[in-house]
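Comments concern the structure below.
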Amino acid sequence: MSIFNGLIGDAQRVILQQVNILEEVEVPLLQGLGMVISNDMHASWDMPVADNSAMDGYAFSHETLQENCLKVTGFLPAGKERAVPVAPGEAIKIMTGAPVPPGCDTVVPIEDVEHVDEGIRLKSGVKPGSHIRRRGEDVRCGERVVAAGTMLRPQEIGMLASLGRTMLPVYRAPQVAIIATGDELVEAGSTPIAATKINSNSFSIAAQVVETGASPVVLGIARDDKDSTRAKILAGLQSDVIMTTGGVSVGEKDYVKEVIQELGGEILFWKVNMKPGKPFAFAMLNGKPVFALPGNPVAAMVAFVMFVRPALLKMMGHLHIRKPVVKATVTEPYRNKGDRPHLVMSRLSEINGEYLAEIAADQSSASLAIMVRANGIIELAPGETISPETPVDVTPLNRSFDM
């Protein structure tokens, strides 16, 4: 077991070297939203499958147009086909999406004609081939439409639906066992007394797991004894990943690391040189990653963002596993007076197309209220000072900033 005194990036690299992409599974089309496709997807047919009208209008043969007048001899709605050719000098009324019938090569929009006797007169000229979507102009049969490694958005879901896909090959989302530790904890729904507090960590961390696209398995509270801790961790081995909160520092009843080692696990590192979140450990147990997060709410959620989220995204096949950063101007100067990198909670706002970051006055790692108000993290090196004159990188916490 090694204690990190270097960069946060050192810990991130160790973790990412240990976790691997999970196996491929097939899921129903809509369930694939947000997941990563594991194979290239190719078109099974042309799109459109036939020339069709791009407008509500009249279809005709341009070369047989005489004095901009046409006799209207039929009607073709969307969803219907016409096998009989349209005669020269004639037109049929056609709706958007209807296949262009034989004998026609041009469509004039309804608003560009006037009605005369049994036909129509074009108000102005129209070019041959106008207002027709050509077969295969969007996608050709055999063309790759979605590349392996793509995270499926509504756009890709719609494309694959239009090509007849009902099941999709994707990388499986991990199940993440979540264990809170501490004799002082009581479950949500309880009324705390002076000696207790609500187990909020399990829910905030589970929500972060859901936000990544993985599936949380909340295992409840391990009490401050080895038997309880061991039982919960053994139960967690039914999942792909184990996360604990608390019980990982230097207290007399902090048993998480000890139990992992007794079960045959390897602690790859303990303690990261950062604030908040220093008492963080990462282990491998029976081939599964174990993230031992601090017990303080801010420290636990920050450690998740920095270390757990990238690992889960890698396991799901994502190519982009880092949160984006935005350039922002702080509203007032701030100095990291400590000897560790400080992940400073801030609140981003956008004014006239530019981002401002207001740094929270209280940076306590035990305060859930800070996390409610904050939507960004600024990483400051030891002794570093930031001021309104210099833009800084801010890692947004809100999902709306993810790209």
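The values are calculated or read from the model by the stated rules, or taken from the named source; none is laboratory data. Everything numeric here is computed off the predicted structure, so don't read it as measured data. With ideal geometry, Cβ positions are generated from the backbone for all residues, glycine too; neighbour counts draw on all protein chains shown.
Tabulated values for the structure
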{"read-out": "Any hit, the stretch 62-83, residues being assigned by TED's automatic domain parsing to the domain that holds Ser162, over 24 Å from Gly97 (Cα atoms) and not charged (D, E, K, R)", "value": "no"}
{"read-out": "Leading residue by the ranking (surrounded by the most Cβ atoms within 10 Å (Cβ to Cβ)) among those in the stretch 176-216 that are of a type in the set (S, T, N, Q) and in contact (Cβ under 8 Å) with a residue 24 or more places away in the chain", "value": "Asn201"}
{"read-out": "Boolean, Thr106 is in contact with a helix residue (DSSP H, G or I) (Cβ under 9 Å, 6 or more places away or on another chain) and among the polar types (S, T, N, Q)", "value": "yes"}
{"read-out": "Some residue of the stretch 319-340 being within 21 Å of the chain's Cα centre (by Cα) and in a strand (DSSP E or B)", "value": "yes"}
{"read-out": "Residue list for the stretch 37-54, restricted to those being small (Gly, Ala, Ser), buried (at least 19 other Cβ atoms within 10 Å of the Cβ) and over 30 Å from Gly213 (Cα atoms)", "value": "Ser53"}
{"read-out": "Among (1) over 30 Å from Leu22 (Cβ atoms); (2) touching a Ser or Thr at 6+ places or on another chain (Cβ under 9 Å) - the single one Val217 does not satisfy", "value": "(1)"}
{"read-out": "Residue count for the stretch 202-257, restricted to those that are more than 30 Å from the chain's Cα centre (by Cα), of a type in the set (Gly, Ala, Ser) and over 23 Å from Val305 (Cα atoms)", "value": "4"}
{"read-out": "Which listed residue is touching a Gly at 6+ places or on another chain (Cβ under 9 Å) and either under 17 Å from Pro297 (Cβ atoms) or of a type outside the set (Lys, Arg) (or both), from Ala222, Ala207, Ala188, Ala214", "value": "Ala222"}
{"read-out": "Among residues of the stretch 289-321, those that are closer than 15 Å to Leu343 by Cβ and outside the structural domain of Val250 (by TED's automatic domain parsing), counted", "value": "0"}
{"read-out": "Condition check for Leu30: outside the structural domain of Ala311 (by TED's automatic domain parsing) and either at pLDDT below 95 or closer than 22 Å to Val139 by Cβ (or both)", "value": "yes"}
{"read-out": "Single residue of Val107, Val145 found to be within 30 Å of Ile321 (Cα to Cα) and in a strand (DSSP E or B)", "value": "Val145"}
{"read-out": "Strands (runs of 3 or more DSSP E) enclosed by the stretch 28-102 - at least 2 residues per element that are touching a residue at least 60 places away in the same chain (Cβ under 8 Å)", "value": "57-60"}
{"read-out": "Evaluation of Arg322 against (1) without any contact (Cβ under 8 Å) to a residue 24 or more places away in the chain; (2) more than 30 Å from Glu23 (Cβ to Cβ); (3) loosely packed, with under 13 Cβ neighbours inside 10 Å (one fails), failing number", "value": "(2)"}
{"read-out": "Selected residue [crowded, with 16+ Cβ neighbours inside 10 Å and at positive phi] from Gly103, Gly89, Gly79", "value": "Gly103"}
{"read-out": "Count of the stretch 284-318 residues which are closer than 17 Å to Asn273 by Cα and assigned to a helix (DSSP H, G or I)", "value": "11"}
{"read-out": "One residue from Thr150, Thr96 being within 30 Å of Val170 (Cβ to Cβ), under 45 Å from the mean Cα position of the chain (by Cα) and surrounded by 12 or more Cβ atoms within 10 Å (Cβ to Cβ)", "value": "Thr150"}
